[in-house]
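Student: Dropping the structure in here first, questions after.
The values are calculated or read from the model by the stated rules, or taken from the named source; none is laboratory data. All figures in this text were calculated on a predicted structure; none of them were measured in a lab. Backbone-built Cβ (ideal geometry, glycine too); neighbour counts: all protein chains shown. With ligands, DNA and RNA removed, areas are computed over all heavy atoms of the protein, side chains included. Shrake-Rupley method; radii C 1.70, N 1.55, O 1.52, S 1.80 Å.
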Amino acid sequence: MFKRIKQIAAVALGITSMLVQADTIKLAQDAPSEYTVVKGDTLWDISARFLKSPWLWPKVWEVNSQIYNPHLIYPGDVIYLYWEDGEPRLGRKPGTVVLTPEVKVVPREEAIASIPLRDVQAFLNDSRVVDNQMLADAPYVLGGKNQRILAANDDRVYVRGELLDDSRQQSLYRPLTEYVDQNTGESLGYELHRVADALVRGSEGDTISVDIRNSTEEVRLKDILIPTGEAPLVTRFMPRPGPELDNVEVIAVLNGVANIGQFNSVTINAGEREGIEPGSVYAIYNRGEEIRDPKTGEKLQLPAERAGELMVYKTFDKVSYALVMRSTEVIQVGDPLRQP
């Protein structure tokens, strides 16, 4: 059953929230009057130097003609703080970075990223969540030539089943884990890890021959073959509070650590069907401990405490991947999320 979205009037909220959030923009402690961007900065980092809530950067930049597109900020640019109608604004000082008598031309791809992409690149490119039906229907690896059970780049392997579509360019994935909503018991899908690209060569009966390309590790028996085509990856993120939902929480950590901290990738139990989009921001709360009242003996739940913020960077139907942008406490699987 879909999670209940508490505030349905999205259009009205889009207008109202801008006004409300404008009233809540506060400067960070010791915010500088200006800052020179350096290589390795992200938009979140820069905003955090000036703003207490860095996910509000579109509200202080999007009304500024000097920074009409905050995704086009480059190393060497000087960002400065000023005030307009009683509200803080961020501007970019005019001029070009000059390192020699000649003007330095900065390639477009070197523009400052929204978040540290190095921390999410593998999950953007190589991880995927599919439903139970696709997992059951996908053809699987039988073996390789000369009875090999492992295969790598330029090897040929054979898969059994019916292709999910007719494209020759497909990918081999390894099923890792099933996501289950602990509140409802609903299966949210299976996480897959891409091990190689594959070129379909032909088929005989229900046996399909494919050549392995761009393998990241050895292909094994029972790896599955599915179409490569997905929606284009989003790598530029415009942060905004995610929709208000019931029972949304961290359900897994993607890099196998026990305690979750800043720049760890996590999975949350809400996705596209709940209105989650890349750029959705949530506050993370540690669940309050359960204690026993010393006088009455009854069990009580202590209040949840805010532990950080995360931003969604990749969405699927029922789950999303998110990056922890800030953590003030250790974060754990099961910690709930709220609007920031």
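Student: Name, by its number, the condition in (1) under 26 Å from Lys314 (Cα atoms); (2) surrounded by fewer than 15 Cβ atoms within 10 Å (Cβ to Cβ); (3) among the small types (Gly, Ala, Ser); (4) modelled with pLDDT under 95 that does not hold for Gly205.
Tutor: Every condition holds for Gly205 apart from (1).
Conditions tested, residue by residue: (1) of a type in the set (S, T, N, Q); (2) modelled with pLDDT under 85.
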| position | (1), (2) |
| --- | --- |
| Ile25 | no, yes |
| Tyr35 | no, no |
| Asp41 | no, no |
| Val63 | no, yes |
| Asn69 | yes, yes |
| Val78 | no, no |
| Thr96 | yes, yes |
| Thr100 | yes, yes |
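Student: Turning to a different aspect of this structure: Which of the residues that make up region 251-293 are closer than 17 Å to Ala304 by Cβ, out of contact with any Phe, Trp or Tyr (no Cβ under 8 Å at 6 or more places or on another chain) and surrounded by 14 or more Cβ atoms within 10 Å (Cβ to Cβ)?
Tutor: Those that are closer than 17 Å to Ala304 by Cβ, out of contact with any Phe, Trp or Tyr (no Cβ under 8 Å at 6 or more places or on another chain) and surrounded by 14 or more Cβ atoms within 10 Å (Cβ to Cβ): Ile260, Tyr282, Ala283, Ile284, Tyr285, Asn286, Arg287.
Per-residue answers, yes or no, for (1) out of contact with any helix residue (DSSP H, G or I) (no Cβ under 9 Å at 6 or more places or on another chain); (2) among the basic types (Lys, Arg); (3) surrounded by fewer than 16 Cβ atoms within 10 Å (Cβ to Cβ):
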residue: Asn183; (1), (2), (3): yes, no, yes
residue: Ala196; (1), (2), (3): yes, no, no
residue: Arg201; (1), (2), (3): yes, yes, yes
residue: Arg213; (1), (2), (3): yes, yes, yes
residue: Ile224; (1), (2), (3): no, no, no
residue: Pro239; (1), (2), (3): no, no, no
residue: Pro243; (1), (2), (3): no, no, no
residue: Val248; (1), (2), (3): no, no, no
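Student: While we're here: Being open to solvent by 80 Å² or more (accessible area, probe 1.4 Å), among the polar types (S, T, N, Q) and without any contact (Cβ under 8 Å) to a residue 40 or more places away in the chain narrows it down to one of Gln301, Gln332, so name that one.
Tutor: Numbers: Gln332 fails: without any contact (Cβ under 8 Å) to a residue 40 or more places away in the chain.
The unique qualifying residue is Gln301.
Student: Okay, next question. Would you please list the contacts, defined by Cβ atoms under 9 Å and residues six or more apart or on different chains, that run from a residue in region 107-126 that is within 22 Å of Tyr321 (Cα to Cα) and among the aromatic types (Phe, Trp, Tyr) to a residue that is at pLDDT below 75 and loosely packed, with under 15 Cβ neighbours inside 10 Å?
Tutor: Phe123/Asn255
Student: So which of Leu188, Leu176 is within 21 Å of Gln121 (Cβ to Cβ) and either of a type in the set (A, V, I, L, M, F, W, C) or surrounded by fewer than 13 Cβ atoms within 10 Å (Cβ to Cβ) (or both)?
Tutor: Sole residue among the options that is within 21 Å of Gln121 (Cβ to Cβ) and either of a type in the set (A, V, I, L, M, F, W, C) or surrounded by fewer than 13 Cβ atoms within 10 Å (Cβ to Cβ) (or both): Leu176.
Student: Restricting to region 162-197, what's the tally of residues that are of a type in the set (Gly, Ala, Ser) and free of Cβ contacts under 8 Å to residues at least 40 places away in the same chain?
Tutor: First, pick out the residues of region 162-197 that are of a type in the set (Gly, Ala, Ser): 167, 171, 185, 187, 189, 196.
With free of Cβ contacts under 8 Å to residues at least 40 places away in the same chain added as a condition, the list becomes 185.
Number of matching residues: 1.
Student: Right, something else. Show me the strands (runs of 3 or more DSSP E) found entirely inside region 271-340 where at least 2 residues are among the hydroxyl-bearing types (Ser, Thr, Tyr).
Tutor: 280-286, 305-315, 320-327
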